[in-house]
Amino acid sequence: MKLFSDDMSFYKANFHCHTTESDGHVTPQACVDFYADAGYDILSITDHRSVTKVVSDRLLLIPGIEIDYILPGQWVHILGLNMDASIGEKWNRTGTPQEGIDLIRSLGGIAVLAHPAWSLNTPAFMRSLTGLSGVEIWNSVSTLPMNGDRAESTSLMDVTWASGGELLPVFANDDSHGYTFEAGVAATMVQAEEKSIPAVMSALRAGRFYATTGPEIRQIENRNNQEIVVQCSPAENVVFYSDCPWAERRCVIRRGITECSYSVGKNDHFVRVEVTDENGRKAWSAPIRVRE
């Protein structure tokens, strides 16, 4: 089974950024112009606790929001994509993260867990959530000089998935605030029938996307849960991670890899693909279930 269609376009998206309507450093229009100039096709401005209104003929704009909760030992930030502006009034700031996810879904949107490593989210907490449509595997602002280095959440999610967490698709987003080092770094590449909100939302719900800071994942094929084959832009290494701590031949290392494969091990229950190019930039697939 191929994960992506052979005759459908990919669109470059950033689904997490902020403007002067919350704690960002640029206006909504300047944010739109930045991402349009940087070659993006789709943008969601996710200002804190309210939906920011802006129009553009250069990008497909998907109205969004970021809601937040403070729990003992961890914070919880949730993106709501394709949001009705009424969520700002309906959201209960003293409620629970699950109530926030349920509200986003009730308003026709999808909910994405933002920067779990930065937020110190625990596997037990993440296993308790239902109704998410994805998780940020990469968050560009969650590293130096603004933060400690918690931009990448792969190890945390591997533990969560290996211990029974839902195998969520993965996003890479900038979470732009200052529009300096972090902006234009990450992208979520969405394969949709057309560049429209209904088509993009359908693609997100179907999991037809991958996360990247540079490399392309052109196709992933699951051959009867026996072999995972990836096609990509030229890479220096491709690693097939799973819920088994050690697996033979999971690391493919050579210059200019454009296709390689992994034989699924008898103890693997999921496999995810990580592609790294010659500049150290990465792309990540969703975890693929290969065994119950």
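The values are calculated or read from the model by the stated rules, or taken from the named source; none is laboratory data. Predicted, not measured: the structure shown is a model, and the values here were computed from it. FYI the Cβ positions are ideal-geometry reconstructions off the backbone, even for glycines, and counts take in every protein chain you see.
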Applying the selection to segment 1-54, what residues are in contact with a helix residue (DSSP H, G or I) (Cβ under 6 Å, 6 or more places away or on another chain) and of a type in the set (Gly, Ala, Ser)? SER50
As an exercise: evaluate GLY39 against (1) assigned to a strand (DSSP E or B); (2) at positive phi and give the number of the one condition it does not meet. (1)
If you go through segment 98-106 one residue at a time, do you hit one that is within 24 Å of PHE240 (Cα to Cα) and either in contact with a Lys or Arg (Cβ under 7 Å, 6 or more places away or on another chain) or assigned to a helix (DSSP H, G or I) (or both)? no
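Can you tell which of GLU166, GLU136 is buried (at least 23 other Cβ atoms within 10 Å of the Cβ), out of contact with any Leu (no Cβ under 6 Å at 6 or more places or on another chain) and closer than 30 Å to GLU292 by Cβ?
Details: GLU166 fails: buried (at least 23 other Cβ atoms within 10 Å of the Cβ).
Checking each option against the conditions leaves just GLU136.
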Answer from GLY73, GLY80, GLY39 - the residue that is buried (at least 19 other Cβ atoms within 10 Å of the Cβ) and either touching a Gly at 6+ places or on another chain (Cβ under 6 Å) or modelled with pLDDT of 95 or more (or both): GLY80
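Here is a check on your reading of the model: is LEU60 in contact with an Asp or Glu (Cβ under 8 Å, 6 or more places away or on another chain) and either assigned by TED's automatic domain parsing to the domain that holds VAL135 or over 21 Å from VAL200 (Cβ atoms) (or both)?
On the way: in contact with an Asp or Glu (Cβ under 8 Å, 6 or more places away or on another chain): yes; either assigned by TED's automatic domain parsing to the domain that holds VAL135 or over 21 Å from VAL200 (Cβ atoms) (or both): yes.
Judged against the criteria, LEU60 is a match.
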